[in-house]
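The values are calculated or read from the model by the stated rules, or taken from the named source; none is laboratory data. Since the structure is predicted, the reported quantities are computational estimates derived from the model, not experimental observations. As a convention, Cβ positions derive from the backbone with ideal geometry for all residues, glycine included, and neighbour counts pool all protein chains shown. Ligands, DNA and RNA are excluded from the accessible area calculation, which covers all protein heavy atoms including side chains. Shrake-Rupley method; radii C 1.70, N 1.55, O 1.52, S 1.80 Å.
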Amino acid sequence: MEKEELHLIDHLTELRSRIIVTSVVFLLALICSFIFVKDIYQYLVKDLDGKLALLGPGDILWIYMMLAAVVALAVTIPVAAFQIWKFVKPALKKEEQRATVLFIPGLFFLFIGGISFGYFVLFPLVLSFLMNIAGDQFQTFFTAERYFQFMLHLTLPFGFLFEMPAVVMFLTKLGILNPQKLVKGRKLAYFLLIVVSVLITPPDFISDVLVIIPLLVLYEISVTLSKFVYRKRISVTAEASSASS
């Protein structure tokens, strides 16, 4: 019993150290991002005809912190993934250690790809659609807070959702998931993805469809990749068992 308690304490101590390292990296990245946040802001508003309005003196600080936090989050993702990998590494076989560490850079690039899809594809489409609905009947007046909230609602969730294929491959490699489970749970997964799409998009049908379709395609890509990893994992296991016998 005492050995089990000591073992648990060691695990919790290591977990705390991993969380501290990740938090420190996020904080440093946040500070560095905040130094260049004005340049980030200027890039994001360069296509606007006029200037965004502020309704209070604290709004600009909130916007700058929000933008810096998104950049810091992108920088921290591979570090957090590496810390998770280091934490579970002792429980993995050598070949699993080598294979799973390759997913870490993939998480970063998929996150950037998701945000890019949301910003360069989805955001201008939805904004243009809503502006066309308004037409000449309304005087458009954007506040900086509402504008960036709207932008982040259409971009940041895709950064995480685009990581679905890498996460599924990682869990399949560890034997936690398999393609049979993914196929069996397809209806439930579709339902959850549709709910997420409705929650993160403005309340109009076109926006929902523009978000739902890429997410369903991502799920099917994840299933296909899981099948590939699963077959490879089974063949490696069979070869190892035949060699040992």
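Some observations on this one:
- Each residue of the range 179-185 was assigned a 3J(HN,Hα) from its phi angle through the Karplus curve 6.51 cos²θ - 1.76 cosθ + 1.60 (θ = phi - 60°); the sequence is x, 5, 5, 5, 5, 5, x Hz, with glycine and proline shown as x.
- Cα centroid of the range 45-76 to Cα centroid of the range 204-221, whole Å: 27 Å
- Probe 1.4 Å, protein heavy atoms only - accessible area per residue of the range 80-149 in square angstrom: 62 Å²
- Highest-MSF residue in the chain out of Q42, Q83, Q139 [GNM, Cα springs under 10 Å]: Q139
- The count of lysine pairs in the chain that are at least 8 places apart or cross chains, and whose C-alpha atoms lie under 15 Å apart, stands at 11.
- Burial order of peptide ranges 146-155, 18-27 (average beta-carbon count within 10 Å, highest first): 146-155, 18-27
- Among L192, L171, L12, residue whose mean-square fluctuation peaks in a GNM of the chain (springs only between Cα atoms under 10 Å): L12
- Sorted largest first, the principal axis extents computed over the alpha-carbon atoms of the chain equal 78, 38, 31 Å.
- Rule-of-thumb Rg ratio for the range 110-179 [Cα; 2.2 N^0.38 Å; N residues]: 1.56
- The apolar share of the surface of the chain, taken as the fraction of accessible area on carbon and sulfur atoms (1.4 Å probe, ligands and nucleic acids excluded), comes to 70 percent.
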